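To start, the structure under review is shown below, and the notes come after it.
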Amino acid sequence: MKKIVTLFAFVSFFALTSCTTTEEYYDGEDYDTIGTTYENQIGYNFSSSNDYSFGFNFPQRLVESDVVLVYRYDGEDNSGRPVWQALPETYYFDNGTRDFSFKYIFTRDYVDIYLDGNDRSTISADYRLNQYFRIVVVPADFAISMDTSNYNEVVNALKLSENQVQKVKL
């Protein structure tokens, strides 16, 4: 009986000590970034004075494994629901050559959204003025496990509601 109790204790010790959990920390703080969404409160204007770009500094530094997804407001569907277009987003001339693109880059501290094109001054005001964006921060594992081009699918998978979108000044 003593051998069985000793064996049981030995196996239990290894079973319990082999269980680990991993959390992501930065500078000793735990950051839970799953489903963090930001939207600019005031429409943004792209112009030559801001080099057709703008940046947003995250309120807290992202963990290394976070991914940033950016969506541009593109009007409403037939039911009156907002349509969010995933970036990068490219527009073409009638002859098939590229006119311009909405693009972005990000680091753990900020995201920059910009217009790229041959002659950005000729881009229609419909695409340059009064633009709204949603910036969604998700873990990389989440981003590679689904189609991130559809904003509604992303927020549904994250179980986000409209009242959780943080309105910010960009």
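Going through Val154, Val138 one at a time, which residue ends up being among the hydrophobic types (A, V, I, L, M, F, W, C), more than 23 Å from Gly75 (Cα to Cα), crowded, with 17+ Cβ neighbours inside 10 Å and touching a residue at least 24 places away in the same chain (Cβ under 8 Å)?
None of the other options fit; the residue is Val138.
One residue is enough: does the stretch 96-107 have a residue meeting the conditions of a type in the set (S, T, N, Q), exposed (fewer than 14 other Cβ atoms within 10 Å of the Cβ) and at pLDDT 95 or above?
Yes: the stretch 96-107 contains one or more residues that are of a type in the set (S, T, N, Q), exposed (fewer than 14 other Cβ atoms within 10 Å of the Cβ) and at pLDDT 95 or above.
Could you check, for the stretch 94-102, whether at least one of its residues is within 30 Å of Pro59 (Cβ to Cβ), without any contact (Cβ under 8 Å) to a residue 24 or more places away in the chain and not charged (D, E, K, R)?
yes
Within the stretch 118-143, take every residue that is hydrophobic (A, V, I, L, M, F, W, C) and more than 25 Å from the chain's Cα centre (by Cα) and give me the one that is nearest to Lys167 (Cα to Cα).
Among those that are hydrophobic (A, V, I, L, M, F, W, C) and more than 25 Å from the chain's Cα centre (by Cα), it is Ala125.
Does Tyr110 meet the test of being farther than 25 Å from Asp147 by Cβ, in contact (Cβ under 8 Å) with a residue 12 or more places away in the chain and either in contact with a strand residue (DSSP E or B) (Cβ under 9 Å, 6 or more places away or on another chain) or not polar (S, T, N, Q) (or both)? Explain how you work it out, then say what you get.
Numbers: farther than 25 Å from Asp147 by Cβ: yes; in contact (Cβ under 8 Å) with a residue 12 or more places away in the chain: yes; either in contact with a strand residue (DSSP E or B) (Cβ under 9 Å, 6 or more places away or on another chain) or not polar (S, T, N, Q) (or both): yes.
In short, yes.
Can you pull out the residues in the stretch 64-79 that are under 20 Å from Asn130 (Cα atoms) and either of a type in the set (Phe, Trp, Tyr) or surrounded by fewer than 17 Cβ atoms within 10 Å (Cβ to Cβ) (or both)?
Tyr71, Tyr73, Asp74, Gly75, Glu76, Asp77
Looking at the stretch 92-111 only, could you name the residues that are of a type in the set (Ser, Thr, Tyr) and either within 15 Å of the chain's Cα centre (by Cα) or over 17 Å from Ser53 (Cβ atoms) (or both)?
Passing the criteria: Tyr92, Thr97, Tyr104, Thr107, Tyr110.
Does Gly55 qualify as being in a strand (DSSP E or B), at positive phi and not basic (Lys, Arg)?
no
What's the number of the condition Pro82 fails, among (1) surrounded by 11 or more Cβ atoms within 10 Å (Cβ to Cβ); (2) in contact (Cβ under 8 Å) with a residue 12 or more places away in the chain?
Single failed check for Pro82: (2).
Under the condition of being without any contact (Cβ under 8 Å) to a residue 60 or more places away in the chain and over 14 Å from the mean Cα position of the chain (by Cα), which residue from the stretch 157-170 is nearest to Arg81 (Cα to Cα)?
Here is the first cut: in the stretch 157-170, the residues without any contact (Cβ under 8 Å) to a residue 60 or more places away in the chain are 157, 161-163.
Of the ones still in play, those that are also over 14 Å from the mean Cα position of the chain (by Cα) are 161-163.
Values: Ser161: 14, Glu162: 12, Asn163: 15 Å.
Of everything passing the filter in the stretch 157-170, Glu162 is nearest to Arg81 (Cα to Cα).
If you go through the stretch 118-135 one residue at a time, how many are at positive phi and buried (at least 17 other Cβ atoms within 10 Å of the Cβ)?
Looking only at that region, the number is 0.
Does Leu115 satisfy the criteria of being touching a residue at least 60 places away in the same chain (Cβ under 8 Å), over 20 Å from Val165 (Cα atoms) and crowded, with 18+ Cβ neighbours inside 10 Å?
Against the criterion (touching a residue at least 60 places away in the same chain (Cβ under 8 Å), over 20 Å from Val165 (Cα atoms) and crowded, with 18+ Cβ neighbours inside 10 Å), Leu115 qualifies.
The values are calculated or read from the model by the stated rules, or taken from the named source; none is laboratory data. Note that this is a predicted model, so its numbers are computed, not measured. Every residue, glycine as well, gets a Cβ built from its backbone with ideal geometry; the counts of neighbours run over all protein chains shown.
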